[in-house]
Amino acid sequence: MKQRFTTQRRSQLVQMVVNEGSISITDAAKRLDVSIETVRKDIIHLDAQGMIKKVRGGAMRIKELDIEHPVSEKHSVNIDKKLAISKRALDFIPDGASIVLDAGSTPMILAELLAKKSGYTIFTNSAPALHALLESDNDIFVLGGHLRKSSGAMLGAWTNAMLENIHPDIAIIGTDACTPTGPMVTPYEEVTVKRNIFSVSQKTILLADSTKFEKTAAFLVCDWDDIDVLVTDSNVSQDVLEEYQNRVMITVADRDLT
């Protein structure tokens, strides 16, 4: 439990830095309601993880903050890698499985692949994924809620209430950024939905192309312990892969790790 609080506090600290560009130790301690020494240790830890840069008296942003772009824009970025990731993700989905499909550009590509198959039960909170699946021979359930137009994600209390009543075999989730602490997203509304998605599922697969390792975002979704498989591509450096392999099982879609 103590580790969970530490992770959440550090996530808040990263959020402050990426949103504001920099922060002083004194200001951070006051806003987080902890001691100056605790913040100092957090900054040293996060600096070592490459999340923020330690400077005299505080910390500053060093990574690109992921700003939410329309899903149509995201779909075209790194498209070949996202397709390879989606194809590899299919290897983890047994025939006839029940799947909850999260919003995001890579899960949307996976939806397009699933649309060509049959026999699956698919729950989704993604309007673009729903559109891709409309004419498929799969059983589709919509996890409705408030529509976030930029991403096509359906979020909020209704979505979370529906998630409480399902127990799918596989969760497929996306992310805005991959950090040593865990996957992160910028819209806060997505955090609870994603957490509920993997909490009701037997297995969670995170789809993240290499660009997600080059940025950070505002909110921590979970620890890597909560993810069963991370599927990415070969543009992620070997050093990064080795670092993350200590935290989560990794499959490189377009390259065999062995």
**Prompt:** Does any residue of segment 123-137 turn out to be small (G, A, S), farther than 22 Å from S199 by Cβ and at pLDDT below 95?
**Reply:** no
**Message:** What's the number of the only condition in (1) out of contact with any strand residue (DSSP E or B) (no Cβ under 7 Å at 6 or more places or on another chain); (2) among the polar types (S, T, N, Q); (3) closer than 18 Å to M184 by Cα that T26 fails to meet?
**Reply:** (3)
**Complete:** Those residues of segment 215-234 which are among the polar types (S, T, N, Q), farther than 19 Å from I52 by Cα and buried (at least 24 other Cβ atoms within 10 Å of the Cβ) amount to T232
**Asked** If only one of K212, K116 is at pLDDT 95 or above and either crowded, with 20+ Cβ neighbours inside 10 Å or assigned to a loop (DSSP other than H, G, I, E, B) (or both), which one is it?
**Response** K116
**Asked** Out of segment 132-182, which residues are part of a loop (DSSP other than H, G, I, E, B), surrounded by fewer than 22 Cβ atoms within 10 Å (Cβ to Cβ) and charged (D, E, K, R)?
**Response** E135, K149, E164, D169
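The values are calculated or read from the model by the stated rules, or taken from the named source; none is laboratory data. If you're wondering where the values come from, they're calculated on a predicted model, not measured in any experiment. Every residue, glycine among them, receives a Cβ derived from its backbone with ideal geometry; neighbour counts consider all protein chains shown.
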